[in-house]
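**Student:** Before I ask anything, let me first share the structure, which is written out below as C-alpha cells.
The values are calculated or read from the model by the stated rules, or taken from the named source; none is laboratory data. These numbers were taken from a predicted model, which means no experiment stands behind them. Here the Cβ is made from the backbone with ideal geometry for all residues, glycine too, and neighbour counts use every protein chain on show. Each accessible area value is taken on the protein alone, full model and side chains, heavy atoms only, with ligands, DNA and RNA left out. Shrake-Rupley method; radii C 1.70, N 1.55, O 1.52, S 1.80 Å.
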Amino acid sequence: MPYTVTIPFFAFKLHYTTGSPGLTPLHDLGLTRFSQSLEKVAKSFANDYQRHVTNKGSLKDIMDHWQSGDFIKSKVLVPIPKSKDGFSYPNIELEFDFFYKKNERGFWCVVPALQLEAFAETEKEIENNLIGIILQDFRRTRRLNSVHGIVDAIWFNEIELLRHDIEIKFPTPSELANTQELQSDEWLPKVATKLQIEEKTTYGRKAEMNRLVRAMKGNSVRNVLLVGASGVGKTALVWELEYRREEEDFRGQIWETSASVLIKELTQDTGWQDNIIPLVKELTTKGDILFVRNLLELFEVGKYQGNSISIAEYLLPYISRGELTIISECTNEEKGIIELRSSNYLSNFQIISMETPKDDLEDIILKKVEDLSVKNKIKLEAEAISETIRLNKRFTPYSGFPGKPIRFLESILLNQISAKERESMIEVSRSEVIGHFCEETGMPPFMVDPIIPMHPNQIKAQFNNAVFGQESAVDSVVNMLSTVKTGLSKTGKPIASFLFVGPTGVGKTELAKVLSEFMFGSRDRMTRFDMSEYSSYDAVSKLLGSGFYSDGLLTSTVRREPFCVLLFDEIEKAHPDFYDLLLQMLSEGRLTDSRRKLVNFCSTIIIMTSNIGAAAMQRRTIGPENENQNKEISQRYLRAVQDYFKPEIYNRIDQV
C-alpha cells in the first residue's frame with residue numbers, strides 16, 4: 001500500500017493593473033495561469049508529479065520541491081542610467097517585489113515579475129546581486145529598446161506568495177514494479193486498429209480532401225472534425241487520406257477506434273485515467289494520428305460516480321497543446337450538443353463540413369460500384385443508378401448520399417456474384433433495382449414502379465373483402481394510395497397518414513392491419529402503441545429514450561423496421577407533449593432520439609385511431625338510415641376532430 005507525504009505548494013499571485021490576477025507556480029516561473037484557483041493549480045501539479053515522477057520511482061526528486069521555512073517579502077530599487085543617445089529614455093528607477101529565504105548555503109531570491117532567480121551568500125549581498133541580474137536581464141531581453149518592454153516589467157499592482165499543501169503518494173517497491181511493467185506495454189494496438197487501405201475509397205471529394213491534407217501537413221491545429229449526415233462519406237474520406245499517405249507525404253500513421261473500444265480496453269485494475277496517459281505519450285512519441293469514429297460518444301464514456309470528467313474532456317489539455325492529433329466525425333445535430341456541453345472544445349479543431357454531392361452524384365456512385373468489377377464482370381445501367389437515387393430520396397431522404405445508394409447497389413451485386421458463376425457477366429438493370437427494393441421492403445411493385453399501372457377498383461374490392469361495411473373509409477384510403485402512386489404527395493414526410501374515427505368495434509384496427517399487409521407484405525409490419533399508456537410526460541419520454549444508453553420504444557421500432565405501419569390507438573388519451581412529437585413526424589418525417597440520432601419516418605405509414613365524437617352519436621334518434629344521415633354523421637365526427645386537434649396537426653393529416 002503506498003504511503004502519503006504532504007508537501008507545501010507555493011505560487012505567486014500577480015495582480016495586474018487590468019484587474020485579472022494570474023498564478024505563477026514557484027517551481028515553474030515561466031508558466032502563468034489565469035482564471036484558476038490555487039487549489040486547482042496545486043492539484044494539477046500534484047497529479048502530474050504523481051504520474052511523471054513518483055510513479056516512475058524518482059523519489060529523491062521530491063526534495064527539489066520541498067521548501068522548508070518561510071519566505072520574506074521585500075523590495076529592490078534598480079537604477080537605470082539614461083540611454084547613450086540621450087533621448088531614448090532618461091535616468092529611471094524601477095522598483096520590484098522579491099521574495100527570499102535562507103538555506104544552508106545562503107539566500108535564495110526570486111523576482112516573480114521578471115521570472116528571475118538569484119543567490120547570495122550573505123544578506124548584505126542580496127540587493128547588489130539582484131540589481132546585477134535584473135540589469136543583465138534587461139540587456140539580454142532588450143527591454144529598454146521600447147516603452148512596451150519596460151511596461152511589461154512593472155504592470156503589477158501587487159504580488160503575493162500563496163501556499164497550499166498537497167499530498168503525494170509514494171508506491172511500494174512491488175507496486176512500482178507492477179506499474180513499470182504495465183507502462184512498458186504498448187497501448188495503441190490494444191485500443192485501436194492501424195489503417196491499411198490498399199484501394200481508392202472516395203470520389204468527388206477533392207475540395208474536402210485538400211483541406212484534410214493541408215490540416216495534416218500543418219504545424220498549428222492538426223485536429224480535424226468532419227461534420228455531415230450519416231452516409232455522406234466522412235469515414236471514407238479518412239480512409240482515402242490513409243490511402244494517399246505516401247503520395248501526400250504527411251507525418252504519422254492513422255489508428256482507428258471508437259469510444260466504446262477505448263473505455264473497454266483502458267478500464268483495467270488501475271482505471272482508465274492511469275492508462276490513457278501512456279496511450280497519449282505513445283501517440284505523441286510516434287507522431288501518429290487517432291481517428292475516433294464519433295466525437296459525441298467520447299463525451300459519454302468515462303464518467304462514473306465520483307468522476308464527472310469524460311474521456312473527451314480529459315484529453316482536451318493534450319489536444320489544445322498539440323501533443324495529441326485527433327480526427328473525428330459527427331453529424332450537425334451532434335455538433336450542436338458538443339458545443340452546448342463544452343463551448344470552446346471545437347475551437348481546437350478544424351471543421352470540415354461535408355454535404356451531399358449535387359451535380360456528380362451518379363458519377364460517384366458509378367465509380368464506387370465499378371470498384372467491385374476488378375474481380376467480376378459487371379455491367380451497371382445508367383437507369384439503375386437513377387432509380388436507386390430516386391427511391392432513396394423518396395423513402396430515406398435524411399440518409400447521407402452517396403452512402404445509402406452505394407450500399408444498396410453493392411448488396412444487389414454481391415447477391416448476384418454469389419448466385420452466378422465467376423466468369424459470367426453480371427448485369428444490373430432498373431427492373432432488378434425495383435425488384436430488390438420490393439423484396440427488402442415488402443412493398444408491391446406497382447406502388448414503386450411508375451411504369452406498372454395501379455388498379456384502384458381491384459384494391460378497393462380486396463380491402464372490402466377484409467373489412468366489411470366501411471366502403472367510405474376504404475375509398476379514402478385507396479384514394480390516398482393513388483396519390484402516393486402518382487407521386488403527387490409531398491416528399492420528406494411519411495408515405496401517408498390517416499386518422500380513423502369511430503366507435504369501438506367498427507374495424508379501425510382491422511383496416512390498419514389490412515393496409516400493413518397490402519403495403520409491406522405482412523400484418524406483422526404493423527406496430528401498435530396504446531396511447532392510454534402514454535398519458536404522462538415520463539411515459540412519452542420513453543418513446544425517444546429516457547437517457548443516452550436507453551433505446552426509445554418508438555425510435556428503435558422504426559430504426560429496426562423502417563418500412564412499417566405505426567398505429568397510435570386511442571390517440572386522444574395521449575399526453576399533450578406527444579402531439580409535439582407527432583407534429584414532427586407528420587411534417588418533417590423525422591425525430592431525434594435521446595442519443596441525438598436522427599430517425600427517418602418517411603418510409604412509414606402513420607395511422608391514428610380515436611373515439612372522438614362517438615359519445616354524441618350514441619344520443620342520436622333511432623330510425624332507418626339514409627344518405628343524408630350518413631353525411632350528417634360524417635360531418636359531426638369531422639367537426640369533433642377539428643375541435644379537438646390543433647390546426648397545425650389536423651392540417652397535416654392526409655385523410656380523416
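**Student:** Among the helices (runs of 4 or more DSSP H) contained in region 395-473, which hold 2 or more residues that are touching a residue at least 24 places away in the same chain (Cβ under 8 Å), within 37 Å of the chain's Cα centre (by Cα) and closer than 16 Å to ALA384 by Cα?
**Tutor:** Result: 403-419, 430-441.
**Student:** Looking at this structure, is GLY218 modelled with pLDDT under 90, buried (at least 16 other Cβ atoms within 10 Å of the Cβ) and farther than 30 Å from PRO25 by Cβ?
**Tutor:** Answer is no for this residue.
**Student:** Turning to a different aspect of this structure: Six or more apart or on different chains, Cβ atoms under 8 Å: show the pairs whose first residue is in region 149-167 and open to solvent by 90 Å² or more (accessible area, probe 1.4 Å) and whose second is modelled with pLDDT of 70 or more and assigned to a helix (DSSP H, G or I).
**Tutor:** GLU167/ALA46
**Student:** Residue check, HIS65 against (1) modelled with pLDDT under 80; (2) loosely packed, with under 11 Cβ neighbours inside 10 Å, all met but one. Which one?
**Tutor:** Of the numbered conditions (1) modelled with pLDDT under 80; (2) loosely packed, with under 11 Cβ neighbours inside 10 Å, the odd one out for HIS65 is (2).
Rundown of residues vs (1) among the polar types (S, T, N, Q); (2) out of contact with any helix residue (DSSP H, G or I) (no Cβ under 6 Å at 6 or more places or on another chain), yes/no style:
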site: ALA382; (1), (2): no, yes
site: GLY400; (1), (2): no, yes
site: GLY442; (1), (2): no, no
site: PRO456; (1), (2): no, no
site: SER472; (1), (2): yes, yes
site: THR483; (1), (2): yes, yes
site: SER489; (1), (2): yes, no
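**Student:** Condition check: modelled with pLDDT of 85 or more, out of contact with any helix residue (DSSP H, G or I) (no Cβ under 6 Å at 6 or more places or on another chain), more than 27 Å from GLN50 (Cβ to Cβ) and among the aromatic types (Phe, Trp, Tyr). Does TYR203 satisfy that?
**Tutor:** No; evaluated as a whole, the condition is false for this residue.
**Student:** Here's a follow-up. Search region 565-597 for residues being touching a Leu at 6+ places or on another chain (Cβ under 8 Å), open to solvent by 50 Å² or more (accessible area, probe 1.4 Å) and not in a helix (DSSP H, G or I), and hand back the single one that is nearest to ASP530 (Cα to Cα).
**Tutor:** Result: ARG590.
**Student:** Only residues that are within 15 Å of ILE133 (Cα to Cα) and modelled with pLDDT under 85: list them for region 70-92, please.
**Tutor:** Across region 70-92, the qualifying residue is only ILE80.
**Student:** Related question: Which ones in region 446-460 are farther than 25 Å from SER634 by Cβ and surrounded by 15 or more Cβ atoms within 10 Å (Cβ to Cβ)?
**Tutor:** Correct list: PHE446, MET447, VAL448, ASP449, MET454.
**Student:** Determine whether LYS194 is in contact with a Leu (Cβ under 7 Å, 6 or more places away or on another chain), open to solvent by 10 Å² or more (accessible area, probe 1.4 Å), touching a residue at least 24 places away in the same chain (Cβ under 8 Å) and not hydrophobic (A, V, I, L, M, F, W, C).
**Tutor:** It is false that LYS194 is in contact with a Leu (Cβ under 7 Å, 6 or more places away or on another chain), open to solvent by 10 Å² or more (accessible area, probe 1.4 Å), touching a residue at least 24 places away in the same chain (Cβ under 8 Å) and not hydrophobic (A, V, I, L, M, F, W, C).
**Student:** Applying the selection to region 461-484, what residues are within 19 Å of PHE520 (Cβ to Cβ) and open to solvent by less than 60 Å² (accessible area, probe 1.4 Å)?
**Tutor:** Selection gives PHE463, ALA466, VAL467, VAL474, VAL477, VAL478, MET480, LEU481, SER482, THR483, VAL484.
**Student:** If TYR534 passes every condition in (1) hydroxyl-bearing (Ser, Thr, Tyr); (2) surrounded by 20 or more Cβ atoms within 10 Å (Cβ to Cβ); (3) in contact with an Asp or Glu (Cβ under 8 Å, 6 or more places away or on another chain) but one, which one does it miss?
**Tutor:** (3)
**Student:** So, in region 37-62, of the ones that are assigned to a loop (DSSP other than H, G, I, E, B) and either in contact with a strand residue (DSSP E or B) (Cβ under 9 Å, 6 or more places away or on another chain) or open to solvent by 80 Å² or more (accessible area, probe 1.4 Å) (or both), which residue ends up modelled with the lowest pLDDT?
**Tutor:** VAL53
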